[in-house]
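A short write-up of the structure that comes next.
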Amino acid sequence: MRVTLRDARRADAQAIAALHHASWHAQLSTCLPPAVVEAHTLDARRAEWHVVLADLRVEGAVVRLAENDTGALVGFAHAGPARDCPTDVVVAGELYRLYIQPGVQGMGAGTALLRDMARALAHHGAGRMLVRCWAVNPACSFYERRGAVRIGLASKSVNGHILEEALYAFELASGRAPERF
Ligand SMILES: CC(C)(COP(=O)(O)OP(=O)(O)OC[C@H]1O[C@@H](n2cnc3c(N)ncnc32)[C@H](O)[C@@H]1OP(=O)(O)O)[C@@H](O)C(=O)NCCC(=O)NCCS
């Protein structure tokens, strides 16, 4: 599938929230405790995305969208400065989120967005890109096969459940994404 990437605008909030909700539930609803799954509502996603897109400049973050030939949204990525990384590894940039619409996964959009975000963070001087992924999420292997190195595990309390988050680092070579992307 050929995708075109562009920066998100505030008017994209509803479409991004709908895709995020659908992709998150398709991937994680059977892996995480029911109380955690139920807390991830579409309304909560909509509210979250209005704030994310309004605060992009303040956060120094970027949201990139992938669209197909007909201009339909098929995925998005959100990245920016690293948020406290609980390991000794120094990371400056972080991929906060990467989601592809169910039904068009496995067609290259995720890799295209990953590469784009790695380049953007490297361009802003980040030597490493942090990615957090629930340890039970099959997406861990997607990052590993693209060169991410597991640098730790973090426990996080979510709706009364302690969940394990796998922490990955991508080495970003002087403004370029890693070769294997
Ligand atoms: C993981 C994800 C971002 C990959 O993007 P994609 O466009 O599907 O992947 P690509 O077509 O670029 O690459 C294909 C690879 O992804 C793997 N893949 C496809 N769908 C996947 C899925 N749902 N979960 C994990 N890996 C998946 C394929 O097996 C293939 O692996 P390989 O090339 O390493 O052998 C995407 O599948 C997705 O959005 N998953 C659900 C949401 C999620 O878990 N996001 C990550 C949160 S940390």
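Just so it is clear, none of the values below were taken in a lab; they were calculated from the coordinates. The structure displayed is predicted, hence computed values, not measured ones. So basically every Cβ, Gly included, is an ideal-geometry build from the backbone, and we count neighbours across all protein chains shown.
Here are a few things to note about the model shown:
- Qualifying trypsin sites (Lys or Arg not before Pro) in segment 25-127, DSSP loop, other Cβ atoms within 10 Å at most 14: Arg83
- Between Ala35, Ala15, Ala148, the Gaussian network model of the chain with springs among Cα atoms under 10 angstrom shows the greatest mean-square fluctuation at Ala35.
- Two-decimal log10 I(q)/I(0) for segment 101-181, as the Debye equation yields it once each C-alpha is a single scatterer, q = 0.15, 0.26, 0.27 Å⁻¹: -0.59, -1.20, -1.24
- Shown here is the pair-distance distribution of the chain: with all Cα-Cα distances grouped in 10 Å bins from zero up to the longest one, the shares run 9, 37, 41, 12, 0 percent.
- Percent RCO, i.e. relative contact order, over the chain, from Cα pairs under 8 Å lying at least 6 residues apart: 21
- Principal axis dimensions, largest first and in whole angstrom, of segment 36-113 by Cα: 42, 28, 28
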